[in-house]
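A.B. asks: Sharing a structure, written as structure tokens. Questions coming.
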Amino acid sequence: MTQRKYHLRILSEPEEFLAVEELQRLIWPGSETEVVPSHLLISSVKHGGICIGAYAPGDNDSNRDHLVGFVFGMPAIYHTPDGPRLMHYSHMLGVHPNYRNEGLGFLLKRAQWQMVRRQGVDRIAWTYDPLLSRNAHLNIAKLGAVCNTYHFDYYGTLRDSLNAGVPSDRFEVDWWVHSQRVNRRLSREARQPLDLAHYLAAGAEIINPSGLRSDGLPYPSKIRFPFDVQVSSLKAEEYPGILLVEIPSDYPRIREVDLNLAIEWRLHTRQIFPILFQHGYLVTDFIYLKGHPARSLYVLSHGEHTL
Ligand SMILES: CC(C)(COP(=O)(O)OP(=O)(O)OC[C@H]1O[C@@H](n2cnc3c(N)ncnc32)[C@H](O)[C@@H]1OP(=O)(O)O)[C@@H](O)C(=O)NCCC(=O)NCCS
């Protein structure tokens, strides 16, 4: 991974939040109403919210460094059998398009993790579109978040150009900040990623291998659940330990080229994840195979099964 000279800092000044507004307009173009305004960011960070910016240096001495990424989240409550508990809800992570795939998203989340640990909080949650392979790779494979919560049309109709026209279904992921899984993924000696061959060798099945159209775009295929989804009281041993669910590797391109196909993918994966979650599966890993065609697969584990 190329590491340009970025620096991260915790944002606190009004003009820094105006820069965050500007960056949002660039990352999620098309609708002013989708921008979180600086006054709300300021109110939040004065009361436990955390906004961290990533800056790239200017081109020469007279040119000041500029904001190229940020992460923002706020304190929130979740409910447990022992009563309400504090968590951190991460609302937005964004990196300028010219600075992506250089590890900035990862660095921003790692800084957020450090700050939240210092607040004495043990859980960070956030949502993302489960069809976005890059986000899945970052959230699940690199950061070690897990997921067993599927929201249908979470935001209702979104108006920015990254989201308009497709129901806003979301995964809600949990990032257990003290867990061994997360500590390992964030350590300097991160684990070797497991690829498709590892999982297939361990007996995992792809329940929806996608097809490929003549224009190179993947289309959703028939779903084959390897257990009877109508029966709610199966014994644990009747569930395969690990299942693989395929998604497109470049969903933003599908949205650009063929909105109907993008909607088809949404409806297809809607029929898979909520059912697997109901039956006790948890998203524990993500496989991204570069190549032509690239392939992207979620890994879901049942019970104690993980690789
Ligand atoms: C999601 C986002 C913040 C990631 O930022 P980033 O700086 O590119 O993230 P990183 O470089 O740390 O990680 C991206 C990883 O995805 C990989 N990647 C790139 N394209 C991919 C694809 N199509 N599928 C899977 N992984 C992909 C990169 O190679 C990199 O992994 P690596 O470090 O193992 O090589 C950025 O893409 C973004 O701003 N997107 C638009 C807004 C958004 O979706 N925000 C999140 C929800 S609020």
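Rule-based calculations on the coordinates, nothing more; no lab input. No experiment lies behind these values; they were computed from the predicted model shown. We place every Cβ from the backbone using ideal geometry, glycine too, and count neighbours over all the protein chains shown.
A.B. asks: For the list (1) within 16 Å of the ligand (Cβ to nearest atom); (2) under 25 Å from Leu8 (Cβ atoms); (3) not basic (Lys, Arg), I need the number of the one condition that Asp169 fails.
C.D. replies: (2)
A.B. asks: Here is a further query. Out of the residues in region 82-132 that are assigned to a strand (DSSP E or B) and among the basic types (Lys, Arg), which is surrounded by the fewest Cβ atoms within 10 Å (Cβ to Cβ)?
C.D. replies: Result: Arg85.
Residues are listed down the side, and each one gets a yes or a no for (1) surrounded by 10 or more Cβ atoms within 10 Å (Cβ to Cβ); (2) in a loop (DSSP other than H, G, I, E, B); (3) more than 16 Å from the ligand (Cβ to nearest atom):
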| residue | (1), (2), (3) |
| --- | --- |
| His198 | yes, no, yes |
| Asp215 | no, yes, yes |
| Ser221 | yes, yes, yes |
| Gln230 | no, yes, yes |
| Ser233 | no, yes, yes |
| Pro240 | yes, yes, yes |
| Val245 | yes, no, no |
| Pro252 | yes, no, no |
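A.B. asks: Looking at region 202-249 only, could you name the residues that are among the β-branched types (Val, Ile, Thr) and either touching a Lys or Arg at 6+ places or on another chain (Cβ under 6 Å) or in contact (Cβ under 8 Å) with a residue 60 or more places away in the chain (or both)?
C.D. replies: Those that are among the β-branched types (Val, Ile, Thr) and either touching a Lys or Arg at 6+ places or on another chain (Cβ under 6 Å) or in contact (Cβ under 8 Å) with a residue 60 or more places away in the chain (or both): Ile206, Ile207, Ile242, Ile247.
A.B. asks: While we're on this one: With Ser133, Ser187 as the choices, which residue is hydroxyl-bearing (Ser, Thr, Tyr) and in contact with a Ser or Thr (Cβ under 7 Å, 6 or more places away or on another chain)?
C.D. replies: Selected residue: Ser133, the only one of Ser133, Ser187 that is hydroxyl-bearing (Ser, Thr, Tyr) and in contact with a Ser or Thr (Cβ under 7 Å, 6 or more places away or on another chain).
A.B. asks: Where the second residue is assigned to a loop (DSSP other than H, G, I, E, B) and the first is within 16 Å of the ligand (Cβ to nearest atom) and lies in region 75-98, which pairs have Cβ atoms under 6 Å and are six or more apart or on separate chains?
C.D. replies: Between residues of region 75-98 that are within 16 Å of the ligand (Cβ to nearest atom) and residues that are assigned to a loop (DSSP other than H, G, I, E, B), the close pairs are His88/Val121.
A.B. asks: I'd like to verify a number: residues in region 18-54 that are in a helix (DSSP H, G or I), out of contact with any strand residue (DSSP E or B) (no Cβ under 7 Å at 6 or more places or on another chain) and either more than 16 Å from the ligand (Cβ to nearest atom) or over 23 Å from Arg110 (Cα atoms) (or both), how many?
C.D. replies: 12
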